[in-house]
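*Asks:* Pasting a structure here, questions to come.
Derivation of every value follows stated rules applied to the coordinates shown; laboratory data play no part. Fair warning: this is a prediction, and the values are worked out from it, not measured in the lab. Note that each Cβ is placed from the backbone with ideal geometry, even for glycine, and that neighbours are counted across all protein chains shown.
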Amino acid sequence: MEHKVVFQVDSNDVTVMKHAISGSINAAQYYKSKHEGISIEIVANATGIEMFRDDTSPLKDAIAALRTMVPGIALSMCGSSKAIAEQKEGHPLPLIEGVTVVPYGVGRVIDLQEHGWVYIHA
């Protein structure tokens with residue numbers, strides 16, 4: 001059986017992102033121990049996009065370790081939130097390696113849920 005889970009991070013609170021990271025690792029380890037597959041995606045929107053910024057994330061090393069520990073994990077940033085931040089700051093946002101921009105974070109979460117993904121608000 002293939003399990004699918006999406007974590008939403010909509011806050012720049014480090015504790016929130018740490019919950020998404022540890023939850024992702026724990027879920028991956030749990031299903032690996034059961035010899036079952038899992039797909040995991042973390043979607044950052046609103047101020048949560050700061051966690052995926054190369055210039056502001058205090059968790060760059062933890063996210064790099066996560067990508068190593070959970071191969072195939074998807075990291076998605078809300079394009080709308082990114083555009084708002086870029087307009088406000090006057091420059092393009094540098095992203096952490098492995099981050100993909102989606103048009104709207106909330107839309108991505110809805111799409112995934114409609115396709116059977118379990119939702120966890122970090």
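*Asks:* Using a 7 Å offset from the Cα along the Cα-to-Cβ direction at both Asp111 and Thr56, what is the distance between the two label points in nm, to one decimal?
*Replies:* According to this spin-label approximation, the distance is 2.4 nm.
*Asks:* Moving on. DSSP loop (so not H, G, I, E, B), at most 11 other Cβ within 10 Å: list which GluC sites (Glu not before Pro) in segment 1-72 pass both filters.
*Replies:* Loop-located and lightly packed - Glu36.
*Asks:* Turning to a different aspect of this structure: Rounded to the nearest 5, what is the percent of antiparallel bridges among the DSSP beta bridges in the chain?
*Replies:* About 5 percent, rounded to the nearest 5.
*Asks:* Within the chain, which DSSP H helices have Cα atoms that stretch 27 Å or more along the helix axis and a mean Kyte-Doolittle hydropathy of at least 0.0?
*Replies:* Result, helices passing both filters: 14-33.
*Asks:* Can you sort Val43, Val102 by how many other beta carbons sit within 10 Å, fewest first?
*Replies:* Least crowded to most crowded, the residues run Val102, Val43.
*Asks:* With viscosity set to 0.890 mPa s and temperature to 25 °C, compute the Stokes-Einstein D of the chain, Rh being the Kirkwood radius across alpha carbon pairs; µm²/s, no decimals.
*Replies:* Estimated diffusion coefficient is 171 µm²/s.
*Asks:* Which loop trypsin sites (Lys or Arg not before Pro) in segment 10-57, with loop taken from DSSP, have no more than 13 other Cβ atoms within 10 angstrom of their Cβ?
*Replies:* Lys34
*Asks:* Same structure, new question: Give me the one-decimal nm value for the distance between modelled label points at His121 and Lys18, 7 Å along each residue's Cα-to-Cβ direction.
*Replies:* Once both label points are built, they end up 2.1 nm from each other.
*Asks:* Shifting gears a bit: Check which residues have an amide H placed less than 5 Å from Thr100's amide H, if you skip close sequence neighbours.
*Replies:* Leu75, Ser76, Met77
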